[in-house]
Amino acid sequence: MTTTVAAYAAPSAKAPLERTTIERRTVGEHDVLIDIKFAGICHSDIHQARAGWGEAIFPMVPGHEIAGIVEAVGSAVTKFKVGDRVGVGCMVDSCRVCEPCLNGQEQHCVRGNVQTYNGVGKDGEPTYGGYSQKIVVADAFTVRIPEGLSLDVAAPLLCAGITTYSPLKHWGAGPGKQVAVIGLGGLGHMAVKIAHALGAEVTVLSQSLRKKDDGLKLGADHYYATSDPKTFEELAGSFDVILSTVSAPLNFGAYLSLLKTGGALVNVGAPEEPISLNLFSLLGGAKILAGSMIGGIAETQEMLDFCAEHGLGAEIELIEASQINEAYERVDNSDVRYRFVIDTATI
Ligand code: NAP
Ligand code: ZN
Ligand code: ZN
C-alpha cells in the first residue's frame with residue numbers, strides 16, 4: 001500500500017513552494033520507511049526549484065538533508081530496525097554494479113545515481129525529497145545517525161557535511177596544511193569545522209568581515225574579506241588546498257594565485273552560469289583545479305561517525321515549513337547562519 005504524506009512542493013520554476021500531498025511507495029523487502037523529523041535547506045534545492053540548472057521535474061519536493069526515525073522495514077532489511085535514527089542524503093539508489101558503484105562512489109554511477117528529488121526512481125516514478133513527513137528509501141542508501149548527534153543538527157551533514165568532508169580528506173587537509181574555505185554558508189561553515197577537526201590551519205575567504213567572529217568560533221584561524229584587493233596580495237602563494245563553496249560564478253584565476261606550488265583549488269559550488277578562466281593561471285606553480293560531488297554511502301557513514309566523535313553538528317536556524325520561501329530569499333542574499341532546517345512536524 002502506498003502512503004499519502006504531506007509535503008512542501010514547488011509547483012513550477014516560477015512559483016513559491018506550497019503545501020501539498022504526495023504518495024510514498026509501498027515498503028519493498030529492501031526498503032526503509034522513515035518518519036522524517038528534520039530537513040535541511042541546501043542551496044542546491046533553490047537552484048533546482050527554480051530550474052536554474054536546466055530542465056527539472058515539477059511539482060518538485062526538494063530536500064536531500066534528511067534526518068528521521070525508522071518507522072517500518074522490509075522483510076529483507078537486517079541493517080535497520082524500527083526506532084533507529086537514520087539519514088538520507090542526495091541519492092536514493094544507483095545501478096550498484098558499475099565500477100564507481102562497486103568502489104563506493106555511487107554518486108558517480110555511470111548510469112547516473114537516482115537523486116533524492118528531481119530524479120526518476122527505478123520504478124519509473126519521480127522522486128520527492130525531504131520537505132515531507134515520510135520517505136521510503138532502499139536500505140543500502142540509508143545511513144545511521146550516531147547517538148551523539150541530535151537529529152536537527154545532523155540533517156545538514158547529509159549534504160553539506162559529506163560534500164566538504166570528502167574533498168578535504170581526499171586532498172589531504174590535516175596537520176601542517178594550510179586550507180582556505182571560500183564562502184561561509186551552509187557548506188562553508190561545515191568545511192571550516194571539519195578542516196579544523198582534521199588538524200589543518202584554516203582560513204575563511206568571505207565577501208566581507210561581517211561573519212568574522214562566527215568564523216573564528218567555528219574553528220577558523222584566519223578570516224579575510226575578498227572584497228578587499230589587499231587580501232589577494234597578502235595571501236598570494238599561501239594555501240595547499242582551497243575549497244570553493246560559492247553558489248555564484250567566481251574569478252577562479254584570482255583564487256588560483258593564492259595556492260602554493262602544486263596546490264589544489266577544489267570547487268564544490270554549482271553556479272548556474274559558466275565561468276571563464278585564463279589557463280595561464282594553472283601553468284605557473286603547476287596548480288590543480290578540481291571538482292567534487294557529495295560522497296559515497298560508506299564515506300557518508302564515515303563522515304557522520306567522524307562528526308559525532310568530534311561533536312560537529314551544523315549551526316542551524318530551525319524554521320517552520322511556512323517559512324521556506326522566506327528562507328530561500330535569505331539564502332540568496334548570503335543571509336544564513338548557517339543552515340536553515342525545517343521542522344517537518346510543521347508541514
Ligand atoms: P549557501 O549557504 O548559500 O553558501 C554559499 C556562500 O557563498 C554564501 O554564504 C556566501 O558566503 C558565498 N557567496 C554567495 N554568493 C557569492 C558571490 N556572488 N560571490 C562570492 N561569494 C558568494 O550555499 P550552500 O548550500 O553552501 O551551497 C553552495 C553551493 O554548493 C551551491 O551552488 C550548491 O548548489 C553547491 N553544492 C554542491 C554540492 C556538490 O556535491 N558539489 C553539494 C551541495 C551543494 P560569504 O557570505 O561568506 O561570502
Ligand atoms: Zn545539497
Ligand atoms: Zn553504478
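For segment 85-134, the set of residues classified as within 16 Å of ligand 2 (Cβ to nearest atom) and among the aliphatic types (A, V, I, L, M) consists of VAL88, MET91, VAL92, VAL114, listed by residue number. Looking only at residues in segment 123-136 that are surrounded by fewer than 19 Cβ atoms within 10 Å (Cβ to Cβ) and modelled with pLDDT of 95 or more, the one that is farthest from THR21 (Cα to Cα) is GLY124. Residues in segment 62-94 that are in contact with a Pro (Cβ under 9 Å, 6 or more places away or on another chain) and farther than 14 Å from LEU158 by Cβ: 1 in all.
Looking for something under 23 Å from VAL336 (Cα atoms) and either of a type in the set (Asp, Glu) or crowded, with 24+ Cβ neighbours inside 10 Å (or both) - is there at least one such residue anywhere in segment 137-148? Within segment 137-148 (the criterion being under 23 Å from VAL336 (Cα atoms) and either of a type in the set (Asp, Glu) or crowded, with 24+ Cβ neighbours inside 10 Å (or both)), the answer is no, since none of the residues qualifies. Quick check on this structure: which one of GLY112, GLY130 is without any contact (Cβ under 8 Å) to a residue 60 or more places away in the chain, part of a loop (DSSP other than H, G, I, E, B) and of a type outside the set (D, E, K, R)? Just one listed residue meets the conditions, GLY112.
Taken over segment 94-112, the criterion of being under 28 Å from SER150 (Cβ atoms) and in contact with a helix residue (DSSP H, G or I) (Cβ under 7 Å, 6 or more places away or on another chain) is satisfied by GLY104, GLU106. Pairing residues of segment 39-54 that are closer than 24 Å to ILE69 by Cα and in contact (Cβ under 8 Å) with a residue 40 or more places away in the chain with residues that are more than 8 Å from ligand 1 (Cβ to nearest atom) and among the acidic types (Asp, Glu), at Cβ distances under 8 Å and at least 6 apart in sequence or on separate chains, gives ALA39/GLU65; GLY40/GLU65; ILE41/GLU65; CYS42/GLU65.
The values are calculated or read from the model by the stated rules, or taken from the named source; none is laboratory data. This is a predicted model, so every value here is computed, not measured. Cβ: placed from backbone, ideal geometry, glycine included. Neighbour counts: every protein chain shown.
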